[in-house]
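Novice: Quick one: the structure is below, questions incoming.
The values are calculated or read from the model by the stated rules, or taken from the named source; none is laboratory data. If you're wondering where the values come from, they're calculated on a predicted model, not measured in any experiment. In this analysis, Cβ positions are derived from the backbone assuming ideal geometry, glycine residues included, and neighbour counts consider all displayed protein chains. Quick note on the areas: whole protein, heavy atoms, side chains included, nothing else; ligands and nucleic acids left out. Shrake-Rupley method; radii C 1.70, N 1.55, O 1.52, S 1.80 Å.
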Amino acid sequence: MSELQPEMLTDEQISFQIISHSGQARSHILESLRLYREGDVEGSRGLIHEASEMISKAHAVHFHLIQKEAQGEGRPLTLILMHAEDHLMST
């Protein structure tokens, strides 16, 4: 399945993409810590790699918003977008 392109998404869908990708990254990080504590260093590293990919996807969607605003196509600041940015930053 191909990735959705940010320009094809509504504002809400963009926010939920950021929440989804950063939430998956956070879950992978927490699971990697559990594996590391259990001695599965390779499994832990694999999950950290996957988390990095998820953060990159969330960042790409977020960067799309920044680019649009810089081009004068700003979008309204919504509670969902603020929540998405909080997810991204805390992860």
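Novice: If R0 is 30 Å, what FRET efficiency do you get for GLU38 and HIS59 from their C-beta distance, rounded to 0.05?
Specialist: Working from the Cβ atoms, E equals 0.50.
Novice: Starting from the Cα coordinates of the chain, work out the convex hull volume and express it per residue in Å³.
Specialist: Dividing the Cα hull volume of the chain by its residues yields 89 Å³.
Novice: How would you order 47-55, 33-41, 66-74 from highest to lowest mean count of nearby Cβ atoms within 10 Å?
Specialist: 47-55, 33-41, 66-74
Novice: Give me the dipole magnitude in Debye, nearest 20, for the chain about the Cα centre, with unit charges on the beta carbon: positive for Lys and Arg, negative for Asp and Glu.
Specialist: 160 debye
Novice: Can you give the accessible area of SER56, probe radius 1.4 Å, in Å² rounded to 10?
Specialist: SER56 has an accessible surface of roughly 70 Å² with all protein chains in place.
Novice: Further question on the same structure: Compute the long axis of helix 11-37 from its Cα atoms, compare it with the longest principal axis of the Cα atoms of the chain, and write down the angle in degrees, 0 to 90, nearest 10.
Specialist: 10 degrees
Novice: Once the dipole of the chain is set up with Lys and Arg at +1 and Asp and Glu at -1 on Cβ about the Cα centre, which of HIS59, TYR36, SER22 lies farthest towards its positive end?
Specialist: TYR36
Novice: Carbon and sulfur: what percent of the chain's accessible surface (1.4 Å probe)?
Specialist: Roughly 58 percent of what the probe reaches on the chain is carbon or sulfur.
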